[in-house]
1. Give me the extension gain from residue 195 to residue 57: residue separation times 0.36 nm, minus the current Cα-Cα distance, reported in nm with one decimal.
2. Placing unit charges on C-beta atoms (Lys and Arg positive, Asp and Glu negative, everything else neutral), compute the dipole magnitude of the chain about its Cα centre in debye, rounded to 20.
3. Using just the helices of the chain, give the 222 nm mean residue ellipticity in deg cm²/dmol: DSSP H runs with n ≥ 4 each add -39,500 (n - 2.57), and the total is spread over all residues, rounded to 500.
4. Mind listing the Cα extents of the range 81-176 along all three principal axes, in Å, largest one first?
5. Under 13 Å from the Cβ of residue 84, count the other residues' Cβ atoms, weight Lys and Arg +1, Asp and Glu -1, and hand me the total.
6. Which residue, 140, 82, 178, has the most motion in a Gaussian network model of the chain that connects Cα atoms within less than 10 Å?
7. Leaving ligands, DNA and RNA out of it, report the carbon-plus-sulfur percent of the accessible area of the chain at a 1.4 Å probe.
8. Taking Cα pairs under 8 Å and at least six residues apart, what relative contact order does the chain come out at, in percent?
Amino acid sequence: MEPLVTDTRDQHGRLRSDRGVWRQATTLAAAGELTARWLESRSEYQPGTFAPRFDEETSPIAAPLAEINRNGLFTKESQPGVREEAGHAQRQYVTGFCSAAAAAELMALSTRSELITIGHAPGETSAAAVPVTFDGATVVTVLGSSEIPVDDEQLRDWADETNETLALLLADSWYVEVLDPKWGRNDVLLPEVLNALRKVL
């Protein structure tokens with residue numbers, strides 16, 4: 001089925017009016033609040049997500065993700081843990097943009113818990129490959145690569161999806177990836193991330 005294109009929706013079915021609000025989001029807090037609204041189904045536009053709503057697997061973790069976005073981590077990606085079944089399993093993780101102070105607290109999780117945090121400083125183009133999803137014998141998803149917009153094309157993509165000010169701010173922000181090394185576990189990571197972020201506020 002072709003994406004819906006009307007005066008009120010873009011080619012991905014996202015509401016143009018909700019996209020318009022992102023043109024005014026020039027801080028991490030504003031981006032986090034708009035992401036929280038999307039996770040609460042009060043918006044049908046999220047930058048870089050080419051659908052009006054999140055996928056079904058996000059539903060059980062949407063509420064805690066909204067809180068995390070309101071407390072200093074503008075999330076980019078996440079997934080719930082899935083216990084191995086028919087050769088498929090997932091580690092729970094969340095990634096996003098934050099301040100240096102928030103990044104320090106999130107990286108400290110690796111010193112006081114089982115959680116693993118990979119921090120990328122502004123402008124860093126590091127790459128690693130920590131498997132977080134496998135399907136049969138194939139690794140489907142990995143973490144460890146910086147998602148900070150560092151080149152002109154990345155900055156242009158973020159500016160097109162949001163605005164130029166926010167794109168430049170993301171380039172100057174930390175990007176962190178927090179994962180639970182235990183496959184299928186869902187009751188540790190998100191509460192620990194939220195507690196760490198609240199220490200900064």
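1. Here the segment from residue 195 to residue 57 would lengthen by 47.3 nm.
2. Its charge dipole is roughly 600 debye.
3. Taken over the chain, the calculation gives -10000 deg cm²/dmol.
4. Cα spread of the range 81-176 along its principal axes, largest to smallest: 45, 32, 20 Å.
5. +2
6. So, out of 140, 82, 178, the one fluctuating most is 140.
7. 52 percent
8. 24 percent
The values are calculated or read from the model by the stated rules, or taken from the named source; none is laboratory data. For clarity, every value in this text was computed on a predicted model and none was experimentally measured. Positions of Cβ are generated from backbone atoms using ideal geometry, with glycine treated the same way; all protein chains shown enter the neighbour counts. Side chains included, ligands, DNA and RNA excluded: accessible areas come from the protein's heavy atoms. Shrake-Rupley method; radii C 1.70, N 1.55, O 1.52, S 1.80 Å.
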